[in-house]
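Asks: One structure is given below, represented as structure tokens, and several questions about it will come after.
The values are calculated or read from the model by the stated rules, or taken from the named source; none is laboratory data. From a predicted model like this one, the values you see are computed outputs, not experimental measurements. We place every Cβ from the backbone using ideal geometry, glycine too, and count neighbours over all the protein chains shown.
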Amino acid sequence: MWKLRVGEKSSRATKYWQAQQKFSQTLSSLSTLMPEQHSEVMRTMEMKSYKLPLLVMVFLILSACVSPRGYRPTPLPFEAAVRFMADDLFRQVGEQHSLMEKLKEQEAIFVIDPVIDADTGEVTSTSRNIEKLISAQARMKMPRFLLQEMTSENLARAAYVVSGIMQLEHYRGETAKLPHLTVSIVNTKSGQVVAHSDAWISNAKLEFEPTPMYRDSPMYIKDKRVDALIATARAAAGSMANREYFDTLATNALLDEASAAYDKNDYRRALGLFAKAAERDDGQVMKTYSGLYQCFYRLGMMPEAEEAFASLTKLGLQAGNISVKFLFEVNKTDFFKNNKLPEYSIWMRQIAKRIAESGSCITIVGHASRSGSEEHNKKLSLKRAERLMELLRAEASESSRKIRTEGLGYTENIIGTGTNDERDAIDRRVEFKVVECGR
């Protein structure tokens, strides 16, 4: 808990002292509340117009008053939820920090693997805000815990890696979905998960705009690398991190560094880093070739861009699914007129060519977001799938007999909000699924 020094006269300290006095009775009763009772307390506080900093203070104090083990509050405002969770994480790490390290007053270095959206595999603007808040909370509560971005150099010196995911989920059976943040901290030497925590966020409308690297990607990149990160973020304290994730940390650091360079429009540096990753056995992943394609395209190196997209398509076919970001006008089968339109010809040409070479049978599956009637969306998603089949036939007519179409409407929504914006863009995807011939 925060305590004021005797004789402290600053207005800031006085305000906190007054706030503590005002909440003293509330805190004593809150410490005995069950989690489900906190929502009523939150509503009472809001009615009395208490500011967010005071709410944050209440819940941070609660983290010291209530045993955090097994304790999960009801959904909190974004900043309060992230700070509360960060406190829980660093408390767990602090308890395990060796006595020798404490006596030496040795600093512990953490690297933050970018928090991803578990539904899309993308890093978003909210991901970046989460990382900033976790770092700020560490500086405030654990000054000897240094949090740094994920780079090859930083990872080599780090004792811990922070791995997290955000996902829209149903909170306790409620109909509406809320953001659920789940984070683990892994020891970089042993691979053991030394801390794990999660938080539910009451702000359903956060910023889900992908960072430039993911915004410009031609496909949704959910591959084994992403699955391994998700598994690690969900791993309980005391367990081991996902083996695939732990063994590929060095390559993931290289890819994160390349993505950061791309986000800063430093395409040549990003290209060099992605190319370096491609030379590694564990670097043969979709993010590597998506990054190479994007850098080559931005630098005007079209033959190289097309070759990189071909490799990306091949990996997708091997995995059994390619989810390409073909964007359509609302309620139409016409492509949305944006700066990605010139790239579509490259995508169609290489998809058609790789399907023909593979000899695979493909179902083009159209999807739609949850707005409008079920019947309308099934018809619309089917028409969009048929439009893509026509374009594939124009590129490689010999493969057309192995392609069929299907429209699922919104029956397989991943987000399901029906907001028709960047939050549920993946619900309007078109997939090329490898199926058994003759089905």
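Asks: Take segment 322-332 and flag every residue that is crowded, with 16+ Cβ neighbours inside 10 Å and either over 15 Å from SER381 (Cα atoms) or more than 23 Å from the chain's Cα centre (by Cα) (or both).
Replies: Listed by number, the residues that qualify are ILE322, PHE328.
Asks: Moving to a separate point now. Using the structure shown, decide if GLU153 is acidic (Asp, Glu), within 24 Å of ALA228 (Cα to Cα) and in contact with a helix residue (DSSP H, G or I) (Cβ under 9 Å, 6 or more places away or on another chain).
Replies: On the way: acidic (Asp, Glu): yes; within 24 Å of ALA228 (Cα to Cα): yes; in contact with a helix residue (DSSP H, G or I) (Cβ under 9 Å, 6 or more places away or on another chain): yes.
So GLU153 passes the test.
Asks: Another one. Is it the case, given these coordinates, that GLU357 is under 18 Å from PHE326 (Cα atoms), among the acidic types (Asp, Glu) and modelled with pLDDT under 90?
Replies: So GLU357 does not fit the description; no.
Asks: Right, something else. Quick check: is even one residue across segment 345-358 within 29 Å of TYR262 (Cα to Cα) and touching a Pro at 6+ places or on another chain (Cβ under 9 Å)?
Replies: Yes: one or more hits.
Asks: May I pose another question? Which of the residues spanning segment 349-371 are under 20 Å from ILE426 (Cα atoms) and assigned to a helix (DSSP H, G or I)?
Replies: Hit for segment 349-371 is ILE351, nothing else.
Asks: Okay, next question. Determine whether ARG384 is of a type in the set (Lys, Arg), crowded, with 20+ Cβ neighbours inside 10 Å and closer than 30 Å to GLU209 by Cα.
Replies: yes
Asks: Tell me whether segment 372-387 contains one or more residues that are part of a loop (DSSP other than H, G, I, E, B), under 32 Å from the mean Cα position of the chain (by Cα), assigned by TED's automatic domain parsing to the domain that holds ILE426 and farther than 20 Å from LEU327 by Cα.
Replies: Within segment 372-387, one or more residues are part of a loop (DSSP other than H, G, I, E, B), under 32 Å from the mean Cα position of the chain (by Cα), assigned by TED's automatic domain parsing to the domain that holds ILE426 and farther than 20 Å from LEU327 by Cα.
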